[in-house]
Amino acid sequence: MSIIKLVVSDLHLADGNTILDGFGAYQQAALEGLLQATNPGRPLGRADDIELIINGDCFDFLVTPPYDLHGITGIPTALGKLEKIIAAHSPFFEALRRFLSYTGRHVTFITGNHDVELRFEPVRKRILEAIGGTKESEAISFCSTRFYRPLPDVYIEHGNTYDFWNHAGLWNEVGEPLTNNPEQIILPVGSHYYQHAAYLISLGYPYFDHFEPAMGIVRVMALLCVLNPELVIEVTRRITEMMSRPYTPLAQLEPGEERNVGKLFSAAMLDLAAFQQDMQQHKTDWTAVAGVDVAQAQANALVEFSMLRETLERSPAEAITAICTPATYQMAEEVAAGMHNVLNNDPALRYAIAGHTHMVRIDPVNEGRQVYLNTATWTTRLAQPAPGEITPELIAWLRAPDWQNIPLRDMTALVFATITAESKTTASSASLCVWEGGAKGSYRVLA
């Protein structure tokens, strides 16, 4: 029996808000095109068994209001958010329904950090109803474990388990669920941080969530110090509210110094470091990823901080140019290290596939006998501005972005992994591909 597995991740369907929802008409058309390509006689429709695997963050409960400031989500709140998502994205569920109408088609959902609510049984039931099913069956399934092995030599997980801020304490050390039917879920630290503070950045400056390559929080705060010091002050205040002990934000600043972007940045970074330390002390289920040089990462962070602090003494154009110089995205490195460990610990695996980072990655491991693939995201991706692009007009747009008229270069790529095998007992072959051309488009192989 010939097999095809299609893996996508990070679709980020939300409530239809044009700024925060990651799945618009462009993505919907591409999904319909990809699924139509699996119809009998089409390029991806020649297999007997075809499975669409959505590897986490399919549904973005995190950015869909209401926000819970206590870092906990429950079934009633999750169902209320899900109804908003379903109402905004009926074509998505219809496309899955059409896909499943053909014999041998399956859909599997894997939990990510933006949709931990998939662990709630009533949420899963409602999604099944929206697609057109009445119960979890062979055609539609929700992976209860942290990872999924659709074939003996393929391993798939979202990837957030290797990221301190987005690590979800839902599974034990071997990936089995701590409970099958939770009533409440403690959100990852990063989710709590987002809903209490960082959503203000996303609403006012949505491009930060879409930069390609991704921009770390230190550079985000540096750029905000240039663009909107008042927002830095407010976000920092909200961050320190989350700490377990009384803490005065920006205490290092003398009256009036909040207008000095360099001093504001230094004080905000000191508070952010104190917040991180406080969170680490209270997150007892976190273990650092083997293979990540924590000391070197800290040293790199200090070098980056010093460079940015000096940069902020220059003109806005010079500061923005330095801030937008592409740098190593530490979270992507941590996810890669975690997935490399998976491969190194299981010689039977040929492929380990993750998402979460929103960045394409292809890493040969063990002299190419194994490969780590990252399917990135289908959300809009925008190039960080290059030095020659940082004009007064662009700076004005960065200060007050018009999301209907975006001057940044569009880097959006609708990436998915294609896995083929002659049977469940034969070796698989996987490639990263990109879909182009909407509903009537086609795909090309990246690698």
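The values are calculated or read from the model by the stated rules, or taken from the named source; none is laboratory data. Every value quoted in this text rests on a predicted model; they were computed, and no experiment measured them. A quick note on method: Cβ atoms are made from the backbone with ideal geometry, for glycine too, and the neighbour counts reach across all protein chains shown.
Observations
- When Asp48 is tested against (1) crowded, with 16+ Cβ neighbours inside 10 Å; (2) touching a Ser or Thr at 6+ places or on another chain (Cβ under 8 Å), only condition (1) is not met.
- Scope region 22-45; condition more than 28 Å from Tyr155 (Cβ to Cβ), surrounded by 17 or more Cβ atoms within 10 Å (Cβ to Cβ) and out of contact with any Lys or Arg (no Cβ under 9 Å at 6 or more places or on another chain); matching residues: Gln28
- Applying the set (1) at pLDDT 95 or above; (2) within 25 Å of Leu34 (Cβ to Cβ); (3) buried (at least 16 other Cβ atoms within 10 Å of the Cβ) to Ala87 leaves exactly one unmet item: (3).
- Qualifying positions in region 435-446 - in a strand (DSSP E or B) and either in contact with a helix residue (DSSP H, G or I) (Cβ under 6 Å, 6 or more places away or on another chain) or surrounded by fewer than 17 Cβ atoms within 10 Å (Cβ to Cβ) (or both): Trp435, Glu436, Ser442, Arg444, Val445
- First in region 43-60 and over 20 Å from Tyr443 (Cα atoms), second anywhere and of a type in the set (S, T, N, Q) and surrounded by fewer than 18 Cβ atoms within 10 Å (Cβ to Cβ), Cβ under 6 Å, 6 or more apart: Asp48/Ser2
- Applying a threshold of 8 Å to beta carbon distances and a minimum spacing of six or more residues, or different chains, the list of pairs starting in region 205-221 at a residue that is over 17 Å from Thr412 (Cβ atoms) and ending at one that is among the hydroxyl-bearing types (Ser, Thr, Tyr) and surrounded by fewer than 20 Cβ atoms within 10 Å (Cβ to Cβ) reads Gly216/Tyr329.
- Filter pass, Thr161 being crowded, with 21+ Cβ neighbours inside 10 Å, in contact (Cβ under 8 Å) with a residue 12 or more places away in the chain and closer than 23 Å to Ser306 by Cα: no
- Test: residue in region 398-417 that is β-branched (Val, Ile, Thr) and more than 24 Å from Gly22 (Cα to Cα): no
- Scanning region 281-313 for residues that are surrounded by 11 or more Cβ atoms within 10 Å (Cβ to Cβ), out of contact with any Cys (no Cβ under 8 Å at 6 or more places or on another chain) and among the hydrophobic types (A, V, I, L, M, F, W, C) gives Trp286, Ala288, Val289, Ala290, Val292, Ala297, Ala299, Ala301, Phe305, Met307, Leu308.
- Residue match in region 344-359 (condition: touching a residue at least 40 places away in the same chain (Cβ under 8 Å), over 25 Å from the mean Cα position of the chain (by Cα), surrounded by 15 or more Cβ atoms within 10 Å (Cβ to Cβ) and outside any strand (DSSP E or B)): no
- Evaluating Glu422 against the criteria (1) under 26 Å from Met215 (Cα atoms); (2) surrounded by fewer than 14 Cβ atoms within 10 Å (Cβ to Cβ); (3) more than 25 Å from the chain's Cα centre (by Cα); (4) among the acidic types (Asp, Glu) leaves one unmet condition, (1).
- Considering residues of region 169-196 that are under 14 Å from Arg119 (Cα atoms) and without any contact (Cβ under 8 Å) to a residue 12 or more places away in the chain only, the residue surrounded by the most Cβ atoms within 10 Å (Cβ to Cβ): Leu178
- Residues satisfying the stated conditions in region 250-302, i.e. among the aromatic types (Phe, Trp, Tyr) and closer than 22 Å to Glu234 by Cβ: Phe265, Phe275
- Of all residues in region 66-98, those that are assigned to a loop (DSSP other than H, G, I, E, B) and either more than 12 Å from Glu117 (Cβ to Cβ) or free of Cβ contacts under 8 Å to residues at least 24 places away in the same chain (or both) total 6.
- Scanning region 373-406 for residues that are part of a loop (DSSP other than H, G, I, E, B) and either under 15 Å from the mean Cα position of the chain (by Cα) or buried (at least 16 other Cβ atoms within 10 Å of the Cβ) (or both) returns Ala376, Thr377, Trp378, Thr379, Thr380, Arg381, Gln384, Pro385, Ile390, Pro401.
- Residue that is in a loop (DSSP other than H, G, I, E, B), at pLDDT 95 or above and closer than 17 Å to Leu13 by Cα, where the choices are Val123, Val63: Val63
- The numbered conditions (1) more than 15 Å from Ala14 (Cα to Cα); (2) at pLDDT 95 or above; (3) under 24 Å from the mean Cα position of the chain (by Cα) are all true for Phe99 except (3).
- Some residue of region 51-67 being over 19 Å from the mean Cα position of the chain (by Cα) and of a type in the set (A, V, I, L, M, F, W, C): no
- Filter result for Thr77 (hydroxyl-bearing (Ser, Thr, Tyr), within 22 Å of Ser141 (Cα to Cα) and modelled with pLDDT of 95 or more): no
- Residues in region 142-165 that are under 14 Å from Pro177 (Cβ atoms) and part of a loop (DSSP other than H, G, I, E, B): Cys143, Ser144, Thr145, Arg146.
- Taking (1) crowded, with 23+ Cβ neighbours inside 10 Å; (2) over 30 Å from Ile239 (Cα atoms) in turn, Asp10 satisfies each apart from (2).
- Verdict on Arg105 being closer than 30 Å to Ala430 by Cα, in contact with a strand residue (DSSP E or B) (Cβ under 8 Å, 6 or more places away or on another chain) and surrounded by 19 or more Cβ atoms within 10 Å (Cβ to Cβ): yes
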